[in-house]
Amino acid sequence: MEREIVKIDEDLCDGCGECIPNCHEGALQIIDGKARLISDLMCDGLGACLGHCPQDAISIEKREAEAYDEVKVIKLMLEKGENTVVAHLEHLLDHNETEFYNKALEYMRDNENSLPFSLKKVTARVEKPGQESESPQQHFHLMPEQGVGCPGSRTMSFKPATESANTSPAIDTPSELGQWPVQMHLINPQASYFQGADVVLAADCVAFAMGNFHQKYLKGKSLAIACPKLDSGMDSYIEKIRSMIDDAKINTLHLMIMQVPCCGGLSRMVEIAQQRTTRKVPVKQTIVGIKGEIISEDWV
């Protein structure tokens, strides 16, 4: 059967990335400076990304797509190079398409002598997130049915190696949240609590991963939260960030995201919003590991 699907003119594409947060299925990525459709499987052909390409490099074409054929897709990915193949394989695992992932590996193993790169290197890059070592303080367990893949969707459990020696009674810790609502779809970017404020823009998972989020990062700040992978209407988020900077004249913006691929969309939204503002504010980005540790913290 024929169906509509995204087509990218690589001659026109300048790799700006404005289409990425507007592809809710995650089918687009910037690879080697160009927007790539890394998986036909995840493109719904509705064109949510169309209005977000300043170069008009994205269009919709109707072509044969009777049944998803991983062998045909991986052949196309091989022509685009190692980075695109890695992104495609990670994408399959991110959406739990392990059958297609295994078919891709089987094809590459059968044709390993003709590959333009090392298959061992590619699989090591893709499967690296599932190879974390255990620390003496904490036992890390990857659920066997999930195998490897994106840390954003893999099932994991974190169990202390030993029970804490602290047996003192639990004491309720007061919340440092100073406003409501906090979800990006619901907030008014010009609300009084954003006026001249220091603002934390956090991915939804951050506060749950970090034990000291309220005391160390939220105290005295205003808050907005979002999930770039599951939320819809990313263009409205960009506009709200712009309005916080230009209209509410916030003092600083602290972007806090998780160390998973999907969180990069939130970082990109801040970049786009900054490009559209008439004033500049200091922006700090903190990347949080899935165990709550700080991976990096820098002014950007």
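Suppose we filter G264, G233, G220 for residues that are over 25 Å from Q195 (Cβ atoms) and outside the structural domain of A27 (by TED's automatic domain parsing); which single one remains?
Values: G233 fails: over 25 Å from Q195 (Cβ atoms); G220 fails: over 25 Å from Q195 (Cβ atoms).
Checking each option against the conditions leaves just G264.
Condition first: part of a helix (DSSP H, G or I), within 22 Å of Q259 (Cα to Cα), modelled with pLDDT of 80 or more and among the charged types (D, E, K, R). Can you find one or more residues in region 126-138 that meet it?
Filtering region 126-138 for residues part of a helix (DSSP H, G or I) gives 126-131.
Checking the rest, the ones that are also within 22 Å of Q259 (Cα to Cα) come to 126-131.
With modelled with pLDDT of 80 or more added as a condition, the list becomes 126.
After this cut, where a residue has to be among the charged types (D, E, K, R) as well, the list is none.
Within region 126-138, not a single residue is part of a helix (DSSP H, G or I), within 22 Å of Q259 (Cα to Cα), modelled with pLDDT of 80 or more and among the charged types (D, E, K, R).
Out of all the residues in region 238-262, which are modelled with pLDDT of 85 or more and in a helix (DSSP H, G or I)? Across region 238-262, the qualifying residues are I238, E239, K240, I241, R242, S243, M244, I245, D246.
Take region 195-237 and flag every residue that is in a strand (DSSP E or B) and surrounded by 19 or more Cβ atoms within 10 Å (Cβ to Cβ). Walk me through how you get there before you give the answer.
Just the residues of region 195-237 that are in a strand (DSSP E or B), to begin with: 198-203, 222-226.
V199, V200, L201, A202, A203, S222, L223, A224, I225, A226 - these are the residues of region 195-237 that are in a strand (DSSP E or B) and surrounded by 19 or more Cβ atoms within 10 Å (Cβ to Cβ).
Pairing each residue of region 228-241 that is without any contact (Cβ under 8 Å) to a residue 40 or more places away in the chain with any residue that is acidic (D, E) and surrounded by fewer than 23 Cβ atoms within 10 Å (Cβ to Cβ), provided the two are 6+ apart or on different chains, yields C-beta distances under 9 Å for L230/D204. Just for region 88-125: of the residues that are at pLDDT 80 or above and surrounded by 20 or more Cβ atoms within 10 Å (Cβ to Cβ), which one is farthest from G289 (Cα to Cα)? Restricting to residues being at pLDDT 80 or above and surrounded by 20 or more Cβ atoms within 10 Å (Cβ to Cβ), the top hit is M108.
The values are calculated or read from the model by the stated rules, or taken from the named source; none is laboratory data. This is a predicted model, so every value here is computed, not measured. No Cβ is skipped: glycine too gets one built from the backbone with ideal geometry, and neighbour counts run over all protein chains shown.
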